[in-house]
Amino acid sequence: MNDSILDRSAHSDRQLASFDLTVGARVRTTTSHDDGDAHAEAPEFVSGVIVDDFGEVLTPHDHYGRDWARTKRWSIALDSGQLVFRHGEELVPEL
């Protein structure tokens with residue numbers, strides 16, 4: 001996921017620098033409804049709360065002998081009820 005998808009420009013550099021990813025923080029991310037269809041919908045912006053941090057149990061991806069399907073650090077309970085997993089760069093603070 002790149003910065004343009006999350007539109008980090010909506011946040012000042014100071015807001016992003018002072019934002020700590022911690023359990024209980026409200027965040028925004030994107031999700032898509034891509035079911036493999038050639039006409040997948042555009043990503044949707046969603047909000048939720050960080051509910052777990054797997055940072056202490058993550059194994060560096062190079063120990064798996066591959067660089068795809070990396071384990072994600074954060075679990076987020078979305079307001080819709082879904083549970084998703086994201087890397088830190090896929091999250092921005094909810095304003």
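Here are a few things to note about the model shown:
- Index of the failed condition, Leu95 passing every other in (1) modelled with pLDDT of 85 or more; (2) under 20 Å from Asp20 (Cβ atoms); (3) among the aliphatic types (A, V, I, L, M): (1)
- Hits in the range 1-26 - residues which are touching a strand residue (DSSP E or B) at 6+ places or on another chain (Cβ under 6 Å) and at pLDDT 70 or above: Phe19, Val23, Ala25, Arg26
The values are calculated or read from the model by the stated rules, or taken from the named source; none is laboratory data. Keep in mind the model is a prediction, meaning the values are calculated, not measured. We place every Cβ from the backbone using ideal geometry, glycine too, and count neighbours over all the protein chains shown.
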